Amino acid sequence: MRIDLHTHSRASDGTDTPAELVRQAARAGLDVVAITDHDTAAGWAEAAEAADEVGIQLVRGMEISTRHGRLGVHLLAYGPDPTFPPLAAELERVLHGREARVPTMVARLRALGIDITEDDVRRAAPGAAASGRPHVADALVTLGAVPDRTAAFDRYLGWGRPAHVDRYAVPLATAIAAVTGAGGVSVVAHPWGRGGLGRPDEATFAELRDLGLSGIEVDHQDHGAAARDRLRAIARNLGLVVTGSSDYHGEGKTDHDLGCNTTDPDELERLLELTSSRAAGTA
Ligand SMILES: [Zn+2]
Ligand SMILES: [Zn+2]
């Protein structure tokens, strides 16, 4: 039983359509795949149809951009009702904030001498719920300004780089509460990965668990062996579910092939039990 709980489609910054993503997952030998686009459920319906066709189990998820103090935290949410008003309102704010910063990033890049326009960015985001920073990165690649998306972040768009623009992120406690209220469960994505503003420690995870957090994404390409061991121990100490996943983006990210990390079936079962008990209003 092979389970991958974190993947992106073109509904955010992946390069596969939701249907292609699901077919690729089946081809890669996965039994279960979660679609977890950034801050949107826009790919769910198409992915569900494809999952029925190819006979793979689909978990409906999303990856919410949140902030906890000075920490930038990606929060995976599984099974929430995206129309639950408090959740829908926050997702709308994030999507709007993401789109609103594109003109500022473009202006800063132009000031740095790069001939990029907002149209270039829109062309790099076919089918996306909102164009954002990864699409600016892709436009820079297309224009030949950088060799790949990673270089675009390292040179221009990442935290502290000259074209970086801050944007709205949901306060983490608000996000966890909204996901729980919407009948879903929350898992912190790649907590010790790149791109964040720091590393949450065990005390922070304990705080988050008390707010309703259910799990930690331990097995992720951004985590080395020592980080995985330490995070697994923290999860065990705190009774949190351990997940593993690829964070697949199609051709948008190298070294993140479908199934390169997987989740133990027992851990998925724990997550799904929490989801169904919430949906039934018993937790
Ligand atoms: Zn992430
Ligand atoms: Zn992701």
At 20 °C in a medium of viscosity 1.002 mPa s, region 128-169 has a Stokes-Einstein diffusion coefficient, with Rh taken as the Kirkwood radius over alpha carbon pairs, in µm² per second, of 204
Taking only the Cα atoms of the chain, how large is their convex hull per residue, in Å³?
117
Once Lys and Arg get +1 and Asp and Glu get -1 on their Cβ, which of ALA25, ALA107, LEU75 lies farthest toward the positive end of the dipole of the chain?
ALA107
Mean residue ellipticity at 222 nm from the helices of the chain, using -39,500 (n - 2.57) per DSSP H segment of n ≥ 4 over the full residue count, to the nearest 500 deg cm²/dmol?
-12000 deg cm²/dmol
In square angstrom, rounded to the nearest 10, how much accessible surface does TRP192 have for a 1.4 Å probe?
30
Relative contact order in percent for region 9-158 (Cα pairs under 8 Å, 6+ apart) equals 19
Could you state the accessible area per residue of the chain in Å², with a 1.4 Å probe and every protein chain left in place?
42
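The values are calculated or read from the model by the stated rules, or taken from the named source; none is laboratory data. Worth saying up front: this structure is predicted, and the values here are computed from it rather than measured. Glycine also receives a Cβ, built like all others from the backbone with ideal geometry; neighbour counts cover every protein chain displayed. What goes into the accessible areas is simple: the full protein's heavy atoms, side chains included, and nothing from ligands, DNA or RNA. Shrake-Rupley method; radii C 1.70, N 1.55, O 1.52, S 1.80 Å.
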